[in-house]
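The values are calculated or read from the model by the stated rules, or taken from the named source; none is laboratory data. These numbers were taken from a predicted model, which means no experiment stands behind them. Virtual Cβ from ideal backbone geometry, glycine too; neighbours counted across all protein chains shown. For accessibility, only protein heavy atoms count, side chains too; no ligands or nucleic acids. Shrake-Rupley method; radii C 1.70, N 1.55, O 1.52, S 1.80 Å.
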Amino acid sequence: VLKDYEKVLEIAHDFLEIKYHEAIPATIGKTNLYAMLENGEIIVGEDEIDVPKKHNGDLKISEIYLKPRVNAYYRALKVIKEADLISIGPGDLYSSLIPCFLPIGIKEEMQKTKAEKVFICPPLIKYGETKGFSVLDFSNEIERYIGCSLDFVFYNINFKNRINRHNEKSLDGNIVKINGDLNPNKFLGYDLLNEDDEIAYDSDRVAENLVKILELEEIR
């Protein structure tokens, strides 16, 4: 209706009474998400990548990209440049997280920023996107698309006595693999799950550990 996305953002922030934070899109350009599978097949759209309906979800994703290519939103570049810490995730790797780094300019700004870059690895793999993935696989893919190294990677280490509605059989094969050779200075394992029966992270636990990263930097 307004034909002005910046005005839409302003109205949304006012309507939701957001006073101290902002939700800033990676781009305001009109584009679509594409994925190339390991067999060369091209998948179009976030929905199909997220929940395979027309393609074989067992096939690995080789690459994702935007078409047409679009520029990053200038305000997104500004906040990356000025940030003290950038947390990535948790979320679906190819349909939620990596697409944020695909607009032109964001990858370059990620390489220049002095902010600590922290990836929060999800606790479970996702069919159609990350089948068989390990913590290191997730980390490597994020680094491939941001074009630089992550400073830290958080991952969950405790599933026992935390999940009531999921038995061990249903979890078998769905838990993200934890490699035995992870650098302990970069890969930090925490008990991150919430106390209810959902396999989801407790936001307070995640936030507390992110604050520790900032406090460590202050000491340095």
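Within the range 64-83, the only residue that satisfies the criterion of being touching a residue at least 40 places away in the same chain (Cβ under 8 Å) and basic (Lys, Arg) is ARG75. The number of residues in the range 184-210 being touching an Asp or Glu at 6+ places or on another chain (Cβ under 8 Å) and over 24 Å from SER149 (Cβ atoms) comes to 5.
In summary, TYR20 fulfils each of the numbered conditions (1) modelled with pLDDT of 90 or more; (2) on the phi < 0 side of the Ramachandran plot; (3) not in a strand (DSSP E or B) with the single exception of condition (1).
Any chance the range 148-161 includes a residue that's among the hydrophobic types (A, V, I, L, M, F, W, C), at pLDDT below 95, under 17 Å from VAL206 (Cα atoms) and in a loop (DSSP other than H, G, I, E, B)? Show your work before the answer.
Going through the range 148-161, the residues among the hydrophobic types (A, V, I, L, M, F, W, C) turn out to be 148, 150, 152-154, 157, 159.
From what is left, the residues that are at pLDDT below 95 are 157, 159.
Now narrow it down to the ones that are under 17 Å from VAL206 (Cα atoms): 157, 159.
Okay, now just the ones that are also in a loop (DSSP other than H, G, I, E, B), so 157, 159.
Within the range 148-161, one or more residues are among the hydrophobic types (A, V, I, L, M, F, W, C), at pLDDT below 95, under 17 Å from VAL206 (Cα atoms) and in a loop (DSSP other than H, G, I, E, B).
Among residues of the range 132-151 that are under 13 Å from VAL118 (Cβ atoms), those with a Cβ under 7 angstrom from a residue that is part of a helix (DSSP H, G or I) and small (Gly, Ala, Ser), sequence gap 6+ or separate chain, pair up as LEU150/SER139. Those helices (runs of 4 or more DSSP H) of the range 33-118 in which 2 or more residues are at positive phi, open to solvent by 40 Å² or more (accessible area, probe 1.4 Å) and at pLDDT 95 or above are absent. Among all positions in the range 16-24, there is at least one residue which is open to solvent by less than 70 Å² (accessible area, probe 1.4 Å), closer than 22 Å to SER95 by Cβ and free of Cβ contacts under 8 Å to residues at least 40 places away in the same chain.
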